[in-house]
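Right, one structure below, let's go through it.
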Amino acid sequence: MTKINILKTEFEHLHDYSPIEHVNARLKSPESLLEKAARLDLPLNFESLAENVLDVAGVRIVCSFISDAYWVAKMITSQPDITVVRIKDYIANPKPNGYKSLHVIVKVPIFLSESREHVHVELQIRTVAMDFWASLEHKIYYKYDKAVPAALLAELTEAAGVADRLDLTMERIHNEVHPGASGSAHK
């Protein structure tokens, strides 16, 4: 969070454009961690959990435009103390339900009183429209305990297409009004 908030503040103060709209973070609850360990059939020890559960910590970075999501990912992953573990590009390759987001698993240094540990963090980088869709989809899956009626699933998939078209239209308009601004404020 500190690294991302520094980037956000830098762009707010030094540039006319910031690619980061807002940032949220979460830690997986102990119950959720135990459930995931059981699902993955992992031994319940620190070493096993630290190496195999890659989303204990999560940071969601919400951007205005699709190009900003890629740009922010590049800024973060190019930092020398960040190790990229895996990138899943659900923007270029959406899930069948229409879900779009960049998922970047990184290892970041955490400085403790007597040591430095490298821990996994899952970054989810997406647009405002993608975030709105994903938030509603998550609430619906929770309400129906993952057994969502087919008609509702079809509407969610259609809404994902609408969100995608909105993203593309808004970025095109933005680029027309501010040539070179989106995804290139670093130039």
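No value in this document is a laboratory result; all are computed from the given coordinates. Bear in mind the structure is a predicted one, so any value in this text is a computation, not a measurement. So basically every Cβ, Gly included, is an ideal-geometry build from the backbone, and we count neighbours across all protein chains shown.
Summary table below
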| read-out | value |
| --- | --- |
| R0 of 25 Å, Cβ-Cβ distance Ala92-His13: FRET efficiency to nearest 0.05 | 0.20 |
| Highest-MSF residue in the chain out of Ile105, Ile173, Ile87 [GNM, Cα springs under 10 Å] | Ile173 |
| Cα centroid separation - the range 6-34 against the range 114-175, whole Å | 16 |
| Cα gyration tensor of the range 27-69 - equivalent ellipsoid semi-axes, whole Å, descending | 29, 10, 9 |
| Fluctuation leader among Thr77, Thr169, Thr127 - the chain, Gaussian network, Cα springs under 10 angstrom | Thr169 |
| Leu136-Lys36 FRET efficiency (beta carbon distance; Förster radius 22 Å; 0.05 resolution) | 0.40 |
| Phi to ³J(HN,Hα) by Karplus 6.51 cos²θ - 1.76 cosθ + 1.60 over the range 86-100, Hz, x for Gly, Pro | 6, 10, 10, 9, 7, 7, 6, 10, x, 5, x, 7, x, 4, 9 |
| Selected from Ala163, Ala37, Ala57 as most flexible by GNM, with the chain as the system and alpha-carbon contacts under 10 Å | Ala37 |
| Residues Arg126, Arg86, Arg60, sorted so that the one with the fewest Cβ neighbours within 10 Å comes first | Arg86, Arg60, Arg126 |
| By average C-beta atoms within 10 angstrom, highest first, the peptides 95-103, 137-145, 108-116 | 95-103, 137-145, 108-116 |
| Using θ = phi - 60° and Karplus 6.51 cos²θ - 1.76 cosθ + 1.60, couplings along the range 130-147 (whole Hz; Gly, Pro as x) | 4, 5, 4, 4, 5, 5, 5, 4, 4, 5, 5, 4, 5, 4, 8, 6, 6, 9 |
